[in-house]
1. If packing is taken as the mean number of other Cβ atoms within 10 Å per residue, what is the order of B:179-192, B:149-162, highest first?
2. Could you tell me which of rounded, prolate or oblate describes segment B:1-145, using a ≥ b ≥ c as the square roots of the eigenvalues of the alpha-carbon gyration tensor, with rounded for a/c under 1.5 and, failing that, prolate when a/b is larger than b/c and oblate otherwise?
3. How would you rank A:Thr106, B:Thr131, A:Thr165, B:Thr43, going from fewest to most other Cβ atoms within 10 Å of each one's own Cβ?
4. For segment B:14-79, run through the GluC sites (Glu not before Pro) and keep only the ones in DSSP coil with at most 10 other Cβ atoms within 10 Å of their Cβ.
5. What is chain B's relative contact order, in percent, from Cα pairs under 8 angstrom and six or more apart in sequence?
6. Would you calculate a helix-derived [θ] at 222 nm for the protein assembly as shown, using -39,500 (n - 2.57) for each DSSP H run of n ≥ 4 and dividing by the full residue count, to the nearest 500?
7. Starting from the eigenvalues of the Cα gyration tensor, five times each then square-rooted, give me the equivalent ellipsoid semi-axes of the protein assembly as shown, largest first, whole Å.
8. Can you bin segment B:97-152 into rounded, prolate or oblate? Criterion: square roots of the alpha carbon gyration tensor eigenvalues sorted a ≥ b ≥ c, rounded for a/c under 1.5, prolate for a/b above b/c, oblate for the rest.
Amino acid sequence: MQFFGASAESNPSPLAPAGTGTGLLGNNTFMIYFFNRNGECLLYREWHRPLKTLESHQDHKLMFGLLFSLKSFTTKLDPISAEKGSLGVPLLPGQGCSFHCFCTNTYKLSFMESPSGIKIILVTHPKCGDLRESLRYIYNIYVDYVMKNPLYAPGTAIKCELFNTKLDQYIRTIV
Amino acid sequence: MIGVGKTKQYSNVLEKPLSRGRQEVSLSAFAFLFSELVQYNQTHVDNIGELERRLEDAGYSVGARVLELLCHRERGNRRETRLLGILSFVHSTVWKVLFGKVADSLEKGTEHEDEYMISEKELLVNRFISTPKDMGAFNCGAFVAGIVRGVLENAGFPAVVTAHFVPMEGLQRPRTTILIKFAEEVLRREARLG
């Protein structure tokens, strides 16, 4: 399947992709969200968010709803693939077409969904390039430091300090 | 499949030659298995101390078997009788076979005569584990402490072995120290041997 095929071994131990950061350390990335299959927000971290319009619970619901709708829309409008699910029906991961980012004049939102339903949303500065490899790397960090941690209960908010540290370190290097 | 392609079938498992076996196992596979071991024990205990004890007992079984295997494979069936001998056996041979590298350091305790410490910057079993704050000083390295205790006790050096986090300046994560406290009889025997 597309998800696993692209890079043979993308584990965090060798070099991270998207090498050197710019002078503004960490200011290229604004926020990150992690959602699970049921819409629960597992992690929300922000590095640079001067404007907050909604209180966090509503913010998470809005984000999840936005992605859910966008995924359904993009599947409906797809001119190439043969079968289309009906709007509103939850799609299996990998089915239909999956959108991966949208760009505005002030930010760029990149999205990745894993086969297990974990959704990673990264909001960055618009000049960042294609962040799909970065999202895959972040997913690997998640698998390593959260899934292999016996003291984390799946489905709850992520509070593992190793994961937070590694994530921060990697986010700083995103161009 | 196990057994496919083997030309000679042994009727008795004791007659089979003891092979070198596979030298390496996938780290991810081990991490998931260890994670499940910890989670399984978590559901069966009421407090942290009990959980650490269960992990130690699991390690004890591993240690007892590892001692037999390594004495046969690496040491040509010789057994260690001196304290320093068994400690360097644990520090180098056991660590090398289990974790792929020798332990970072072996030190003698300054306060007490019967204490020794094996230190490691980060134990392999703890590599992916971050303890939440409400679990206090719980250390999954109790499993490794159990392994060391299994090796020492079955070699004739009864000891109490525990794993501790030691915060170090300059390092983000605290170092892990395996503290070995030998029983009285070991020290008396060692003194007698000169």
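Here, each number is a calculation from the coordinates, and none is a lab measurement. Predicted, not measured: the structure shown is a model, and the values here were computed from it. Glycine gets a Cβ as well: all are built from the backbone with ideal geometry, and neighbour counts include every protein chain shown.
1. Ranking the peptides B:179-192, B:149-162 by packing returns B:149-162, B:179-192.
2. Since a/c reaches 1.5 but b/c is at least a/b, the shape of segment B:1-145 is classed as oblate.
3. In increasing order of surrounding Cβ atoms, one gets B:Thr43, A:Thr106, A:Thr165, B:Thr131.
4. B:Glu24
5. About 22 percent, as a whole number.
6. -10500 deg cm²/dmol
7. 49, 26, 18
8. Taking the square roots of the gyration eigenvalues as a ≥ b ≥ c, segment B:97-152 is oblate.
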